[in-house]
Amino acid sequence: MKNVGIIAVGEYIPKKILTNKDLEKMVDTSDEWITTRTGIKERHLVEKEAASDLAVGAALDALKSSGLAAADLDLIIVATITPDMQFPSTACFVQAKIGAKKALCFDISAACAGFVYALATAQQFISSGVCKNALVVGSEVLSSITDWKDRNTCVLFGDGAGAAILSEVKSGGIMATYLGSNGEMTRLLNVPAGGSRMPASHETIDTRMHYIKMQGNELFKLAVTIMTEAAEEVLRRAGLKFSDVDLVIPHQANARIIMAVAKKLGLAEEKIYLNIEKFGNMSSASTATALCEAVKEGKVKKGDIILLDAFGAGLVWGASIIKW
Ligand code: COA
């Protein structure tokens, strides 16, 4: 099996910003409540763009620093729960827009763990020799499924995309992955209508069934437990200790969840990368853009051990150890 690593990262964040103060004018909330309960100060929202448009921005940013051309890609995986359309895959739209003619393309639906799932999938294709160069993108337009009248959820989400290019590397790369799911908990976070269970109708629109429904409190506790266990398990698989980890890049759902996980694991705050303040929860795009920003800010150096740790609707979770 070949060693597979991330050779470049990229991101694309839409320009429009919605602050907590803006939200105060839309629902019964306050900047103080949102900041103290979640750590979020603002989020970016699309104006007209779809998930593939954001994904293309992130892909081109990653390609620029990879030294590869789009024509060199033979695999494109887009992790998204807000695809442009039910079908075809958002990855196919991305392929056409960037001109990656020889790539095979598909989407992955693993909610907030989507980017980690997609990295692990691309790794399999490359390590087995089926593909050489893969583009993995986490791209979300969560504003399209957010109920802007529901203060329990609308303060949490944002739009954006992050990308990674994966290829064979001589040493290091993805050292271990731990993915898991618990399908008993689908009720905790979902969009009820628009699929085959409840196709779109006047009634589903009138009852706001095309928007995110979430049991935040229950999810909070599960997120802390599962992200802690996922981090421990992936380290065990990599044969490493927490003291070996240089930077943890967690899914950015809530700063309090992240700090509770760090406390349980005995990790110092400076080892945790946080950017939720600027972006809110962007589902699959959160871990992807956090990784990209950490790299661009010089917080990830060659040889560093990086721990990605994500959790989301399904439930699903995924953790990876990457030697940079
Ligand atoms: N502004 C003001 N008050 C709000 C509010 C808002 N935006 N949203 C909820 N509240 C109120 C609730 O109505 C409730 O009021 P009540 O006590 O009068 O009933 C009170 O605040 C506490 O609500 P609760 O849901 O217990 O708050 P919380 O501390 O659990 O925080 C979340 C809510 C959503 C921020 C938190 O539960 C969370 O982050 N959950 C996990 C999210 C997650 O992981 N998502 C998916 C994985 S990607």
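The values are calculated or read from the model by the stated rules, or taken from the named source; none is laboratory data. Bear in mind the structure is a predicted one, so any value in this text is a computation, not a measurement. Cβ placement follows ideal geometry from the backbone for every residue including glycine, while neighbour counts extend to all protein chains displayed. Please note that ligands, DNA and RNA were not included when accessible areas were found on the heavy atoms of the full protein model with its side chains. Shrake-Rupley method; radii C 1.70, N 1.55, O 1.52, S 1.80 Å.
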Exercise. Separation between the PHE87 and GLU277 pseudo-spin-labels, each 7 Å from Cα along Cα→Cβ, expressed in nm?
Worked result: 4.5 nm
Problem set entry | Net lengthening on full extension, ASN182/THR207 (0.36 nm per residue, minus Cα-Cα) | 6.2 nm
Problem set entry | Rounded to whole Hz, the Karplus (6.51, -1.76, 1.60) HN-Hα couplings of region 75-83, x for glycine and proline | 8, 10, 10, 10, 8, 7, 10, 10, x
Problem set entry | Alpha-carbon Rg with Dmax, taken over the chain, Å | 18.5, 56
Exercise. Under a 5 Å amide H to amide H cut-off, with H placed in plane at 1.01 Å, what residues pair with ILE272 once short-range neighbours are removed?
Worked result: VAL248
Problem set entry | Choice from GLY303, GLY138, GLY160 with maximal GNM fluctuation in the chain (Cα, 10 Å cutoff) | GLY303
Exercise. In straight Cα distance, which aspartates and glutamates are under 12 Å from LYS301, not counting same-chain residues fewer than 8 positions off?
Worked result: ASP246
Seminar exercise, completed: Relative contact order of the chain (C-alpha contacts under 8 Å, at least 6 apart) in percent is 25 percent
Problem set entry | For ILE17, solvent-accessible area (1.4 Å; no DNA, RNA or ligand), Å² | 70 Å²
Problem set entry | 18 Å Cα-Cα reach of LYS2 towards aspartates and glutamates, excluding residues that sit fewer than 8 places from it in its own chain | ASP74, GLU168
Seminar exercise, completed: Whole-percent carbon and sulfur contribution to the accessible surface of region 4-171 (1.4 Å, no ligands, DNA or RNA) stands at 55 percent
Problem set entry | Spatial separation of Cα centroids for region 2-18 and region 242-319, in angstrom | 14 Å
Exercise. Non-local amide H neighbours of ASN281 (under 5 Å, H modeled in plane, Pro and chain starts lacking H): which ones?
Worked result: PHE157, GLY158
Exercise. Per-residue ellipticity at 222 nm for the chain, helices alone: DSSP H runs ≥ 4 residues times -39500 (n - 2.57), over residue total, nearest 500 deg cm²/dmol?
Worked result: -10000 deg cm²/dmol
For this session: Mind scanning LYS149/LYS264; LYS97/LYS221; LYS41/LYS299; LYS15/LYS64; LYS64/LYS263; LYS48/LYS102 and naming the pairs with a C-alpha gap bigger than 32 Å?
Result: LYS149/LYS264; LYS97/LYS221; LYS64/LYS263
Exercise. Could you state the number of Å between the C-alpha centres of region 122-182 and region 44-85?
Worked result: 11 Å
Problem set entry | Length released on extending from GLU24 to GLU229, taking residue separation times 0.36 nm less the Cα-Cα span | 70.2 nm
For this session: Kyte-Doolittle cut-off -1.0, length cut-off 30 Å along the helix's own axis using Cα: show which whole DSSP H helices in the chain pass.
Result: 216-238
For this session: Could you tell me the accessible area of SER109 in Å² (1.4 Å probe, neighbours in place), rounded to the nearest ten?
Result: 100 Å²
